[in-house]
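**Q** I have a structure here, written as structure tokens, and I will follow up with some questions on it.
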Amino acid sequence: MKKINDLYNSDLTTLTHSFQDACSNKEFKEFVYSLNIKEETLIKYTSSLQDAFNEYRNCKNCKGLATCKNSEKGYRYTPIGENKIINFSYDACTKLNKELNDNKYKNNLSLFELNEEIKNASFKDIYKDDKARVPIIKYFKEFMDNYNKGNNPKGIYLYGSFGSGKTYLIASLFNELAKRNIKSTLIYYPDFLVTLKSSFQTDYAEKFNYIKKTPLLLFDDIGAENCSNWSRDEVLGPILQYRMENNLPTFFTSNLTIDELEKSLSTTSSGVDKIKARRIVERIKQLTVQHDLISKNRRS
Ligand code: ADP
Ligand code: MG
């Protein structure tokens, strides 16, 4: 049977060999010796040092956070020597810190049933080749000036063709305001109704109140929902009433003109009620100025 000392020595020999093997890579060798840690300590950590080295190399060839290859995206497995041991920690990279800081404003936007992508919509990317957008952008500027002065300007009822960029436009305004720390909520209305309905037993009231009180609100694609008495009289009606009474700017996008919307809101599976539909539309008219965006379909 081998003595303990022999065992220790043979383990050490194996470790030394793998360390020497690893050091045949010049870059690895430079990396580990630049750590100012004694060789006898380095030898014991060859495998972890190789992991750290791989991440160091990934960082050296970094093309941005989106393509980060490290085991924890945006972090680097980093060795720190201490006498006879090496500690490894995951250090946040400067790119991650910068991106986190740059994107902090996005927390001011809440989305319901809309893709996160919409948080990237920005004024600077709005298509400039389309004159249909000019009056809307002009109104955005007025809106921002007034909002900053503490007034509560009206939102927009933006009617337009499918894919013309309605949602993108309103989102770009909300994003701009989010950078000034103004909170907003965007709901894809047809799907939001389904989610809201399924939350009767859970957080229905929370969701409802959140939407009601959010400083800026977008009802995206109103008129595309499956309209019921409940959605018209118990969801839309009270939300609009509250927002009117509290001067909370409210935006809408729709494939329907406001007259077509009125027609659509008057018919539910329970029958026709023109008066209730009229009441909703009156509230929308009080809350908004109307604009059109008829343009080519930008969807790919
Ligand atoms: P709508 O709401 O009118 O149906 P969207 O706002 O969804 O249209 O726009 C359609 C597509 O075109 C989306 O994929 C959106 O990201 C893109 N898009 C619209 N306007 C712009 C823009 N100014 N810059 C970049 N992409 C845009
Ligand atoms: Mg849309």
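The values are calculated or read from the model by the stated rules, or taken from the named source; none is laboratory data. Note that the structure is a prediction, hence the values are computed from the model and not measured. Note: ideal-geometry Cβ built from the backbone for every residue, glycine included; neighbour counts use all protein chains shown. SASA here: full protein model, heavy atoms, side chains in, ligands and nucleic acids out. Shrake-Rupley method; radii C 1.70, N 1.55, O 1.52, S 1.80 Å.
**Q** Could you tell me which of the residues Lys207, Lys263, Lys285 is assigned to a helix (DSSP H, G or I), within 20 Å of Asn152 (Cβ to Cβ) and basic (Lys, Arg)? Give the derivation first.
**A** Numbers: Lys207 fails: within 20 Å of Asn152 (Cβ to Cβ); Lys263 fails: within 20 Å of Asn152 (Cβ to Cβ).
Only one candidate passes the filter, namely Lys285.
**Q** Hey, another quick one. Looking at the range 254-268, is at least one residue surrounded by 18 or more Cβ atoms within 10 Å (Cβ to Cβ), among the β-branched types (Val, Ile, Thr) and within 16 Å of ligand 2 (Cβ to nearest atom)?
**A** Taking every residue of the range 254-268 in turn, none turns out to be surrounded by 18 or more Cβ atoms within 10 Å (Cβ to Cβ), among the β-branched types (Val, Ile, Thr) and within 16 Å of ligand 2 (Cβ to nearest atom).
**Q** Please enumerate the residues belonging to the range 164-201 that are hydroxyl-bearing (Ser, Thr, Tyr) and within 13 Å of ligand 1 (Cβ to nearest atom). Please lay out each step first, then the result.
**A** Here is the first cut: in the range 164-201, the residues hydroxyl-bearing (Ser, Thr, Tyr) are 164, 167-168, 172, 184-185, 188-189, 195, 198-199.
Listed by number, the residues that qualify are Ser164, Thr167, Tyr168, Ser172, Tyr188, Tyr189.
**Q** Then there is this: Can you tell me which of Lys124, Lys106 is open to solvent by less than 90 Å² (accessible area, probe 1.4 Å), in the same structural domain as Arg180 (by TED's automatic domain parsing) and assigned to a helix (DSSP H, G or I)? Before you say what the answer is, go through the steps one by one.
**A** Numbers: Lys124 fails: open to solvent by less than 90 Å² (accessible area, probe 1.4 Å).
Answer to the selection: Lys106.
**Q** Can you report the number of residues in the range 164-198 which are closer than 21 Å to Ser122 by Cα and in a loop (DSSP other than H, G, I, E, B)?
**A** Narrowing the range 164-198 to residues closer than 21 Å to Ser122 by Cα: 164-188.
Narrowing further to those that are in a loop (DSSP other than H, G, I, E, B): 164-165, 179-183.
Summing the residues that are closer than 21 Å to Ser122 by Cα and in a loop (DSSP other than H, G, I, E, B) in the range 164-198 gives 7.
**Q** Among the numbered criteria (1) without any contact (Cβ under 8 Å) to a residue 40 or more places away in the chain; (2) not in a helix (DSSP H, G or I), which single criterion is violated by Asn36?
**A** Every condition holds for Asn36 apart from (1).
**Q** Please indicate, with yes or no, whether at least one residue in the range 147-163 is on the phi < 0 side of the Ramachandran plot, aliphatic (A, V, I, L, M), touching an Asp or Glu at 6+ places or on another chain (Cβ under 7 Å) and outside any loop (DSSP other than H, G, I, E, B).
**A** no
**Q** From Ile280, Ile275, Ile258, Ile294, which residue is more than 26 Å from Lys131 (Cβ to Cβ), under 32 Å from the mean Cα position of the chain (by Cα) and among the hydrophobic types (A, V, I, L, M, F, W, C)?
**A** Ile280
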